[in-house]
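The values are calculated or read from the model by the stated rules, or taken from the named source; none is laboratory data. Owing to the predicted nature of the structure, the values given are computational and were not obtained by experimental measurement. With ideal geometry, Cβ positions are generated from the backbone for all residues, glycine too; neighbour counts draw on all protein chains shown. Just the protein is used for accessible areas: all its heavy atoms, side chains included, with ligands, DNA and RNA removed. Shrake-Rupley method; radii C 1.70, N 1.55, O 1.52, S 1.80 Å.
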Amino acid sequence: MTDTVIGHRTTRIDGELKLTGKADYTADHNLTGQAYGYPVPSTIACGTLLGLDLDEARQAPGVIEIVHRGNFPSLQPSDNNPACGPSARLYRSPSTMAEQNKVGEVRLPFEDDGIHYEGQYIALVVADTFEHARAAARLVKAHYEVNEAVPGLFSTDDEGEEDGDEAVSRGDPAGAYESAPVKFDHTYTIAMETHVAMELHASNAYWDGDRLTIYESSQGVVFQRNAMAQIFGIPPEKITVIAHYIGSGFGSKLFMWPHAVITAVAAKMVGRPVKTVLSRQQNFCNAGSRPASRQRIRMAADRDGKLRSIRHDSQNETSFVDAYVDSVGSGTPSAYACDNVSVSQRLVEVNHGTPTAMRGPGEASGSVALEIAMDEMAIELGMDPLELRRKNFTDHDPSANLPWSGNHLRECWDDASRRFGWDQRNPEVGSMRDGHEIIGWGMADATWEAMRSHCRARVELRADGKIQVACGTQDIGTGTYTIVAQTASELTGVPLSRIEVKLGDSTLPAGPLSGGSMATATVLPAVAAAVRDAIDQLKQLAIADGAPFEGKQADALTFTDGALSDGQKTQSFGELLNALQRGMADGEASAAPGDEQDKFSFRSFGAHFVEVRWDPGISRLHVSRVVSTIDIGRAINPLTAKNQVEGAIVMGMGMGMFEQTEYDDNGNIYNNNYADYIVPVHADMPEIDVELLDNPDFNFNEFGARGIGEIGITGMAAAISNAVYHATGKRIRDMPISIPDLLASS
Ligand code: MOS
């Protein structure tokens with residue numbers, strides 16, 4: 001264990017498989033007798049499906065079956081879900097986080113004849129080829145009664161004057177606001193966004209008697225297995241969900257969507273494997289979104305900059321068939337030292353597909369409003385925005401009233417501001433110029449709660465000298481395979497080249513969702529416990545009668561660099577197992593959060609500093625520089641960890657400047673493709689300079705890691721908007737920032 005692997009920049013152990021096309025993504029699997037499903041989407045957003053005309057589609061080449069409301073089996077209803085609009089009257093799927101069976105949308109497919117959003121599935125055509133299925137799907141005719149759709153949040157008259165359900169409150173926010181000398185009341189909006197992960201959602205299902213196997217592009221194979229067990233009324237042991245490689249998900253693949261259920265039913269009906277790959281257009285309608293949100297912030301301070309009151313009231317869209325709460329204000333009560341804070345949240349039902357978690361769910365949106373508001377407060381006070389934040393730093397979590405497990409936000413501010421050169425900033429709006437361009441400098445804080453769940457893992461020390469680690473979590477592209485291997489290598493002294501990692505299969509010991517930035521902190525302690533258990537097994541085998549270390553005490557043996565030793569004799573585990581004529585020594589163990597959860601508040605912090613350039617002559621805005629410092633405890637693999645933050649910064653630029661899922665007046669998404677849904681591309685890329693501090697958080701787990709996937713997006717769009725204000729004097733509170741916003745007279 002001399003050669004430390006954890007904490008070192010390690011290239012992905014699955015990199016070669018991915019580069020050579022050998023990594024098996026869901027849609028890559030072609031099974032014996034493979035049939036292909038293609039969903040038929042509704043073309044209206046609201047109304048009733050009166051009937052389907054299937055004759056022409058049935059006669060199309062290669063069609064095997066058409067699955068629809070008329071022949072769909074009755075699935076398991078549940079009554080344990082909160083009512084939401086008309087869904088209260090529907091048979092719904094069970095869907096809970098606690099039982100690890102949460103689904104993306106509780107309405108079971110084809111369960112009623114209501115049409116609740118554009119693209120809702122009304123049938124699935126199964127054919128002998130993908131092309132035949134798609135061609136036939138276009139021949140299905142639907143008859144509707146069309147009702148007027150409830151449009152998106154920003155098309156409603158409701159301006160959000162009314163407060164929502166009070167979620168959190170401390171002190172006297174209203175009274176403190178009234179009596180404070182400096183205050184404002186502003187509204188901020190975030191457009192609906194779609195995840196647009198590179199890999200399309202896909203399912204490939206087959207039945208062997210009453211056993212179901214389904215390949216799925218999933219961020220949670222165990223969740224999907226549990227959900228399917230409930231829906232089909234069969235034991236979880238009879239279901240296998242496989243997701244070996246995933247082309248990301250950003251949250252859209254956390255919870256199973258209806259296409260998976262329909263595909264599994266179709267496979268049963270036709271007695272063959274059925275593969276359904278959603279089109280990019282269907283990915284926009286049926287697999288979640290970051291819901292549009294509107295936020296009102298009322299903020300007040302004393303003249304010296306001490307915050308007196310923050311009220312953060314938000315609304316987010318949800319569908320009529322599930323109640324998705326985007327916890328927009330969830331970070332606000334913990335963000336700053338302020339005695340009087342309240343946060344509320346309200347849902348608005350619209351005829352859109354059900355939203356879901358999208359990278360930094362809630363706080364990515366909430367931080368836009370809060371961190372722009374902080375900039376506005378700094379302007380009101382004539383203070384530097386970083387100084388205002390320093391003034392309101394909180395050395396404990398004022399929401400939970402607990403000490404931080406570790407908070408290095410001040411070091412993040414110091415490091416990032418120094419590297420950015422913030423002290424060179426002239427605060428006067430529009431004062432910093434370079435040729436045609438006006439330069440704007442802005443900053444914002446980043447923050448994300450550190451979560452941890454329970455997990456099992458298995459480790460096999462094998463006679464061939466290799467170690468296999470197995471866990472029913474998955475790697476969505478973030479580097480989980482690699483950090484699991486690093487952990488096993490660190491604890492055994494065996495090089496990475498002799499460590500094999502198995503993930504993405506629900507039959508493996510149950511692991512967590514790849515979500516909430518919690519996989520690292522959840523999985524690694526279980527892997528470590530399983531490694532120790534396997535080494536203990538090895539020792540027991542080694543001291544048995546006739547074994548090489550017969551007669552020794554197990555705890556007198558040491559395990560170093562893959563070998564057991566009693567101080568005189570040393571034998572590698574491979575040699576030892578061969579001598580014993582055994583294939584392996586194995587261990588399996590669990591790890592879960594403990595009472596540290598009651599003693600500390602676990603949250604990560606960071607800071608973004610952004611430079612924008614505005615060329616008024618050609619109305620061009622671009623981000624030219626991003627400097628960020630983030631503290632996430634210890635980075636297990638600084639290479640992939642930084643990569644996560646850089647990717648999240650790009651996504652934050654998308655939120656701030658480009659991304660917006662757009663609906664026409666009939667409730668149809670019209671930019672449902674990569675050409676029209678604008679994300680940042682290479683030409684938009686600034687220099688991105690990320691540093692991770694290294695302050696292991698051993699209060700959280702033995703590896704000191706708090707997770708990294710989401711924090712980088714928080715605050716990012718706000719930092720851009722703040723920089724835009726500094727350049728142009730235009731205070732943009734609606735994301736994404738548009739060129740017309742910048743041209744409008746303020
Ligand atoms: Mo993340 S939105 O939990 O995939």
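Odds and ends about this structure:
- Accessible-area rank, largest first, for F223, F600: F600, F223, with all protein chains present and a 1.4 angstrom probe.
- Carbon and sulfur %, accessible surface of the stretch 684-729 computed with the full protein complex present, 1.4 Å: 40
- Charge dipole (debye, nearest 20) of the chain; +1 at Cβ of Lys and Arg, -1 at Cβ of Asp and Glu: 1260
- Over the stretch 598-740, the reciprocal of the mean inverse Cα-Cα separation, the Kirkwood hydrodynamic radius, stands at 16.7 Å.
- In the stretch 274-366, the trypsin sites (Lys or Arg not before Pro) that fall in loop regions by DSSP, at most 13 other Cβ within 10 Å: R303
- Order of exposure, largest accessible area first, which applies to L639, L742, L692 with probe 1.4 Å: L639, L692, L742
- The trypsin sites (Lys or Arg not before Pro) of the stretch 5-53 meeting both criteria, a DSSP state outside H, G, I, E and B (loop) and at most 12 other C-beta atoms within 10 angstrom of the site's C-beta, are R9, K22.
- For the set T263, T43, the ranking by accessible area, highest first and with no ligand, DNA or RNA atoms included, is T43, T263 under a 1.4 Å probe.
- In the stretch 469-587, the inverse of the mean reciprocal separation of distinct Cα atoms equals 15.2 Å; this is its Kirkwood hydrodynamic radius.
- Other residues lying with their Cβ under 9 Å from the Cβ of R620 contribute a combined charge of -1, Lys and Arg counting +1, Asp and Glu -1.
- Chain lengthening between N426 and A400 when straightened (0.36 nm per residue, less Cα-Cα): 5.6 nm
- Using a probe of 1.4 Å, the accessible surface attributed to V126 totals some 0 Å² when neighbouring protein chains are kept in position.
- The mean accessible area for residues of the chain, using a 1.4 Å probe and ignoring ligands and nucleic acids, is 37 Å² per residue.
- For the stretch 663-728: rounded, prolate or oblate by the Cα gyration tensor [a/c cutoff 1.5]: prolate
- For the stretch 354-478, the fraction of C-alpha pairs more than 21 angstrom apart is 62%.
- Legend: residue pairs K22/K253; K466/K552; K253/K730, Cα-Cα distance threshold 31 Å; pairs beyond threshold, K253/K730.
- Between the stretch 213-247 and the stretch 552-573, the Cα center-to-center distance that results, in Å: 41
- Principal axis dimensions, the chain - Cα atoms, whole angstrom, descending: 86, 73, 50
- Apportionment of accessible area to carbon and sulfur, the stretch 195-241, percent (1.4 Å): 49
- Qualifying chymotrypsin sites (Phe, Trp or Tyr not before Pro) in the stretch 630-717, DSSP loop, other Cβ atoms within 10 Å at most 16: Y670, Y674, F698
- All Cα-Cα distances of the stretch 603-651, cut into 5 Å bins from zero to the largest, leave 5, 16, 24, 20, 12, 10, 7, 4, 2, 0 percent in each bin in turn.
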